1. Given N residues in segment A:279-405, what is its alpha carbon radius of gyration divided by 2.2 N^0.38 Å?
2. Quick one: dipole size for the protein assembly as shown, taken about the Cα centre, charges +1 on Lys/Arg Cβ and -1 on Asp/Glu Cβ, in debye to the nearest 20.
3. Say the dipole of the protein assembly as shown comes from +1 at the beta carbon of Lys and Arg and -1 at that of Asp and Glu; which of A:ALA200, A:PRO271, A:PHE351 then lies farthest toward its positive end?
4. Which FRET efficiency value, to the nearest 0.05, is calculated for A:GLU30 and A:VAL326 with the Förster distance at 22 angstrom and r the Cβ-Cβ distance?
5. Suppose we compare each residue of segment B:187-210 in its chain alone and in the full protein complex with a 1.4 Å probe; which ones drop by at least 50 Å² of accessible area?
6. How large is the accessible surface per residue of the protein assembly as shown, computed with a 1.4 Å probe and reported in Å² as a whole number?
7. Express the carbon and sulfur contribution to the solvent-accessible surface of segment A:282-333 as a percent, rounded to the nearest whole number, probe 1.4 angstrom.
8. Please report the projected area of segment A:27-275's Cα convex hull averaged over all directions, in nm².
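The values are calculated or read from the model by the stated rules, or taken from the named source; none is laboratory data. In this text the structure is predicted, and so the values were computed from the model without any measurement. Methodologically, a virtual Cβ is constructed for each residue, glycine included, from the backbone with ideal geometry; neighbour enumeration extends over all protein chains shown. Note: areas computed on protein heavy atoms with side chains; ligands, DNA, RNA excluded. Shrake-Rupley method; radii C 1.70, N 1.55, O 1.52, S 1.80 Å.
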Amino acid sequence: MTVAPRQHGLGANHDLDLRTQEHYEWLAAEADKNLDRLEAQDPVNDTTLDEVLKRRGISRRDFLKMSAVMTATLGLPPMFDLRVARAQEVATRIPVIWQELQSCSGNSMALIRNANPGTDELLLDLISLEYAEILMAPSGQAAEDVLAASIEKYDGAYIAVFEGSVPVGDDGNFLTIGPAGETGVEKVEHIAKHAAAVIAAGSCSAYGGIPAARPNPTTAMGVGDFLASRGISKPVVNLPACPVSSTNVVGTILEYAMFGRLPSLDAYGRPLWAYQDRIHDKCERRGHFDAGEFVEGWTDIEGLKEGLCLFKVGCKGPMAYNNCGVVRYNEGASWPIMSGHGCIGCSEPGFWDTLTPFEVPLAGRLYSTPFGTDANADTIGTAVLGAAAAGVAIHAGATAIKAATEKRYEGQEKE
Amino acid sequence: MTTDTTRMRRTPVKSAVVLEREGRPKMVVYVFGAFVRASHWIRNALLIWLVLSGIYIANPFLARVIGSDTSSNFILAQVRGWHVAAGWLLLAFTLGRIYQFLFINREGKLGLGAELRMAPILFDLKAWRDQLKFYLLMSKEHPHLTYSNYGPLQYLVYTALYAALLIISVTGILLAAPYLSSGIAVWSAELLRPIEVAVGGLANVRMLHHVTMWFFILFTLVHIYMAVWNSMRTGNLLVEGIISGFAAKDMPGAREATPEDLDKPAAKAEKEG
Ligand code: SF4
């Protein structure tokens with residue numbers, strides 16, 4: 001699988017651990033420079049932070065607390081607290097275009113389903129969301145006009161967020177959008193070409209997702225892969241998960257506001273601050289995993305009650321990189337493992353094929369066999385071993401018979 | 001059959017006991033040095049442990065059966081730790097052996113590997129025919145090879161064995177690294193990351209690791225059978241050889257062996273040598 005171009009070379013993970021005070025000071029200076037630059041620009045959104053805070057009834061103090069939480073989530077030290085706050089203030093200068101593709105809109109839903117406003121909700125008010133089918137009032141031709149106007153006005157300056165995969169099969173005709181029936185392929189090409197940076201929100205947009213599951217009838221691709229295949233080189237950051245947590249979207253936009261560039265990425269184009277560790281490494285059930293204490297099956301009420309590790313009922317946490325255990329979903333209320341179902345690894349490239357079936361450990365992955373039934377590696381291995389043992393037995397028997405006849409033949413010769 | 005542990009340097013002949021096996025005069029020679037024998041059995045033990053502990057890691061069946069206390073008994077972490085440790089040791093042996101294969105020449109010095117130079121056996125049609133005939137019981141004569149210690153089939157299988165060892169080590173490192181915060185596994189995993197990306201993520205790495213394990217299980221079955229079969233069919237004492245170091249080689253025209261010759265090749269060796 002090809003992935004979006006990497007921003008960091010080998011050892012990116014390691015670098016992150018070795019950041020020193022000087023490094024952070026340098027980073028802070030960078031942020032200040034960039035924030036000054038943004039502040040000098042005219043806001044493109046006609047609201048201000050103060051207005052938004054007042055409207056939502058958030059005190060300045062609470063706002064700073066929320067910023068501090070966001071700073072920690074981004075993996076930055078407290079010296080960035082105020083800078084993150086400032087980044088939100090100047091976020092009114094950042095135009096964003098949010099384009100739906102072959103998607104279920106779940107990522108948009110996750111983003112707006114915050115009842116109590118947190119940083120996520122605030123930022124949504126602050127950034128200039130120029131075009132987002134799910135949220136905007138206009139529809140049909142009117143919506144198209146808005147899009148065309150925004151692209152023209154903010155050419156080369158806006159962030160393009162894509163949700164959903166790009167179906168390239170049948171000339172892209174599996175997905176047509178708008179009154180003119182433009183295909184997804186055309187939309188992505190057009191919007192991405194004029195963008196400053198591209199965010200692929202959700203697993204479909206990052207890696208193809210469920211629509212790309214075998215046999216991938218629409219030839220769905222992730223946005224990064226698609227752009228690479230069309231030779232359009234834009235910085236792309238993948239924010240996979242199904243849906244991506246609002247924190248990760250907002251954090252990425254904030255990083256962009258603060259540093260004027262997209263965050264450092266891992267080998268799969270995901271920001272390190274969110275996807276550096278596995279689900280498994282930040283899981284509250286991990287102690288039980290290392291102790292070998294597992295929920296043995298869905299009828300193991302005792303184990304489920306005790307909150308034992310879900311590995312044996314198919315948790316793919318050991319294979320999946322994301323920060324769900326820390327930021328959680330629904331205003332930080334819960335996340336899958338907390339609610340008692342194993343992680344399905346929804347932020348991994350290819351999870352729809354490589355991490356299934358979801359409710360048995362990975363060793364139970366099924367392969368199709370020439371006998372018409374699917375079997376896992378161990379069943380196939382045992383069958384092959386059995387065949388080999390049978391072969392050995394036959395060969396040994398044949399050798400014994402042959403040796404006996406040889407003896408008899410030699411005996412006859414001697415006589 | 002020659003096993004992969006055959007010493008490539010010309011081993012000084014410590015003994016030359018002549019005996020008769022299966023009606024043919026043979027010469028008992030010292031073919032497997034102490035290190036080769038030790039490494040054969042150490043690797044054997046490592047593989048057994050790695051397979052058993054690996055099966056446990058893939059499906060931790062001991063869970064809660066032995067009654068555990070989370071705060072003091074980290075059974076899975078322990079098993080994984082020793083699994084990884086054994087893996088590193090196996091990798092060390094593997095790399096050493098590959099080095100020998102590539103770079104130790106016939107004189108035991110640095111150069112183009114003696115075994116590497118035997119590679120043409122893979123394309124030697126006559127050798128293939130002879131060997132298959134021998135194994136398919138169509139001929140009683142063990143093919144006599146002049147330039148290679150290995151028959152073409154062995155050469156292929158042992159090359160595959162080392163490829164499998166490398167695959168299982170690389171995937172093992174990639175799987176072990178996320179459990180650690182620093183050290184050799186972490187930085188080597190960083191170097192190997194492009195491989196992880198190329199195979200399509202950690203999940204596929206995990207399955208490659210698992211499937212390769214089955215290669216070793218299959219290999220072990222066939223390896224033991226072939227060694228015993230060869231030993232019996234040609235009387236070359238190979239199975240005894242990997243324990244004692246002495247195996248028999250064809251020696252046309254030698255004297256008839258006496259039963260004592262068979263008894264204690266080692267003791268005999270000392271007497272004669
Ligand atoms: S529940 Fe899943 S992520 Fe948590 S410790 Fe168990 S295997 Fe790891």
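1. 1.54
2. For this selection, approximately 2940 debye.
3. Most positive-ward Cα: A:PHE351.
4. Step by step, r from the Cβ atoms, then E = 0.30.
5. Listed in order, they are B:GLU190, B:VAL197, B:LEU202, B:ALA203, B:MET207.
6. With all protein chains present, the protein assembly as shown gives 46 Å² per residue.
7. The value for segment A:282-333 is 54 percent carbon and sulfur by accessible area.
8. With the hull built on Cα positions only, its mean projection is 12.9 nm².
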